[in-house]
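S.K.: One structure follows; several queries about it will come next.
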Amino acid sequence: MDKSGIFVGGSMGAAITAVIIIALFVSPPASLKPDIAVKENTSNVLAEASSVYLELSLIEIFEKSEPGVVRVNVQRNDTGGVGSGFVFDKKGHIITNAHVIKNAAKVAVTFLDGRSYNAEIIGTDEYTDIAVIKVNADLSLLHPLSLGDSSNLKVGEQIAAIGNPFGLSGSMTSGIVSQLGRLLPSGSGYSIPDVIQTDAAINPGNSGGPLLNMRGEIVGINTAIQSATGEFTGVGFSVPSQTIAKIVPKLIESGEYKHPWIGIAGRDIDPDLAKVLNLKDAIGFLIVTVVDDSPAAKAGLIGSEKTVEVEGVKYPVGGDIILSVDKIEVRKIDDILIHLQRSKSVGDEMVLEILRDGRTTNTTIILQERPNGN
């Protein structure tokens, strides 16, 4: 029996065990490319893709970044936990994972020199596992780290992670970007899209710490590992800096982020389903269910009304097939989710190219706020 699972590495011992399955819009997330921009009144500087930077050594990256990485101690009734975080601005905002501070009765932040401060929870977004806390710390301790552009990452690119694995403060590991655009199950009822996969060692206590490129810029926030034991086995996951740049300013402003939602569930078109549906290529997303009063329902999208059985296997048929969103080809559900996460907000229009009864047509939907997935 396969006992592998997704383990959250924030509070030591906290874990989410899951099998990565196809995410449905009734219980998944969203995604593609916002212009990465943080409010002008923050001291966080985002790297410009057009600029030329010299790569640093791992030693230089650690020395440059260590002052901006903190230890996050959490008290939950009679239990405690340890996670990581990093300084976002000179106002004392600290970024960490939502699961690190979940159900916390008390949160404290410890800086490099050992000084600790009680922290206020400013905002959390469990759907991307991002949280903002704030400390009234001495300004000399606040060393904001720069956000890089995760959209420029390439598979095979070297990266580094800094955090507090097993409570061991200020630990650094390195590795490469193993893959991009992963879909990560979470405990929120929705999956996290557009996640970075890395082989840099990430263990319990690392969650909330930065993933850095070789210029010392943050390209992700470490959030989980895939493991059967709860310890790192070569596969770690980080929420990209594009997502951080989009979510964090809203959390600071209002304490929450409203995610856009379509309101459909379905399945990717695989070769067997493509054959049943008489499709030339096995690409696209078949709508099986349309949620009542959702953007999809209001736009008249149609789900599968029946199934056919072929060689003992039942296949849904009759639903709309999404071929593209805003002229971006949809090969599978991940493409829709990534586009929502990166580019879309509540109230935006989105144009879907759908295949219905052998004919293609464009349908415009207006995105609504995603309901709670629990």
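S.K.: For region 211-312, treating each Cα as an identical point scatterer without solvent, what Debye log10 I(q)/I(0) comes out at q = 0.13, 0.15, 0.24 1/Å?
M.R.: Summing over Cα pairs of region 211-312 leads to -0.87, -0.97, -1.13.
S.K.: In straight Cα distance, which lysines are under 27 Å from Lys280, not counting same-chain residues fewer than 8 positions off?
M.R.: Leaving aside lysines fewer than 8 places away in the same chain, those within reach of Lys280 are Lys306, Lys314, Lys327, Lys332.
S.K.: Of the GluC sites (Glu not before Pro) in region 203-297, which ones lie in a loop per DSSP and count no more than 16 other C-beta atoms within 10 Å?
M.R.: Glu231, Glu256
S.K.: Regarding region 260-369, what is the average projected area of its C-alpha convex hull, in nm²?
M.R.: Hull-based average projected area comes out at 6.4 nm².
S.K.: Let me make sure I get this right: for region 61-206, a, b and c are the square roots of the gyration tensor eigenvalues over alpha carbons, sorted descending. Under 1.5 in a/c it's rounded, otherwise prolate if a/b > b/c, else oblate. Which is it?
M.R.: Here region 61-206 falls in the oblate category.
S.K.: Now, a different point. Give, as ranges by residue number, the residues of region 298-324 whose backbone N falls under 16 Å from the point 7 Å along Cα→Cβ of Asp348.
M.R.: Flagged as within label range: 324.
S.K.: Straight-line reach only, C-alpha to C-alpha below 18 angstrom: list the aspartates and glutamates that Lys250 could link to, leaving out same-chain residues fewer than 8 apart.
M.R.: Asp35, Glu40, Asp89, Glu120, Asp125, Glu126, Asp129, Asp348, Glu369
S.K.: If you don't mind, there's one more thing I want to ask. Pick out, in residue order, every one of the trypsin sites (Lys or Arg not before Pro) in region 103-163 that is DSSP loop and has at most 10 other C-beta atoms within 10 Å; say none if there are none.
M.R.: When the trypsin sites (Lys or Arg not before Pro) of region 103-163 are filtered for loop state and at most 10 Cβ neighbours within 10 Å, Lys154 remain.
S.K.: Past the 28 Å Cα-Cα mark, which pairs from Lys134/Lys246; Lys64/Lys258; Lys102/Lys154; Lys275/Lys298; Lys134/Lys154?
M.R.: Lys64/Lys258; Lys102/Lys154; Lys275/Lys298; Lys134/Lys154
S.K.: How do 192-201, 328-337 rank on mean C-beta neighbours within 10 Å, highest first?
M.R.: 192-201, 328-337
S.K.: For the peptides 62-70, 137-145, 288-296, what is the packing order when you average, over each peptide's residues, the other Cβ atoms within 10 Å and list the highest mean first?
M.R.: So the order, starting with the most tightly packed, is 62-70, 288-296, 137-145.
S.K.: Multiplying the sequence separation of Asp293 and Asn136 by 0.36 nm and subtracting their Cα-Cα distance, what value in nm do you get?
M.R.: Result: 52.0 nm gained on full extension.
Values quoted throughout were computed directly from the atomic coordinates according to the rules given, and no laboratory measurement underlies them. Since the model is a prediction, treat every value here as computed from it, not as a measurement. Note that we place each Cβ from the backbone using ideal geometry, even for glycine, and neighbour counts take in every protein chain shown.
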